[in-house]
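Notes follow the structure.
The values are calculated or read from the model by the stated rules, or taken from the named source; none is laboratory data. These figures come from a predicted structure and were not determined experimentally. In case anyone asks, the SASA skips ligands and DNA or RNA and just uses the protein heavy atoms, side chains included. Shrake-Rupley method; radii C 1.70, N 1.55, O 1.52, S 1.80 Å.
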Amino acid sequence: MSDVTIYTTRVCAYCFAAKRLLGARKIAYEEIDVSGDAEKRAWLVEVTGGRKTVPQIFIRGESIGGYDELAALDKSGKLAAMLESA
């Protein structure tokens with residue numbers, strides 16, 4: 001199982017951008033497509049504190065937000081640090 005899980009839909013530019021960033025950094029991730037899955041989308045809203053957009057990205061089970069938050073973590077160097085720490 002990967003340390004990074006990304007919840008996506010099929011037609012989401014930010015989802016593609018997040019996957020591209022993770023791929024460029026050679027960070028393995030598990031992708032879960034929630035397209036058409038109302039139950040899984042409702043669960044995501046609940047566990048993310050009300051966020052209704054995708055992607056929703058989790059690192060080691062902790063919600064970090066979406067693409068903007070992922071990019072900010074990467075830019076600051078915190079993304080690599082989060083994934084290095086055990």
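Counting only protein heavy atoms, what percent of the accessible surface of the chain is carbon or sulfur at a 1.4 Å probe?
52
Starting from a Cα-only point model with no solvent, please compute log10 I(q)/I(0) by Debye for the chain at q = 0.15 1/Å.
The Debye formula, applied to the Cα set alone, gives -0.50.
Hey, can you find the accessible area per residue of the chain for me, probe 1.4 Å, expressed in square angstrom?
Here the residues of the chain average 62 Å² of exposed surface.
If I build a Gaussian network model for the chain, linking alpha-carbon pairs within less than 10 angstrom, which residue out of SER76, SER35, SER63 has the largest mean-square fluctuation?
Maximum among the listed residues: SER76.
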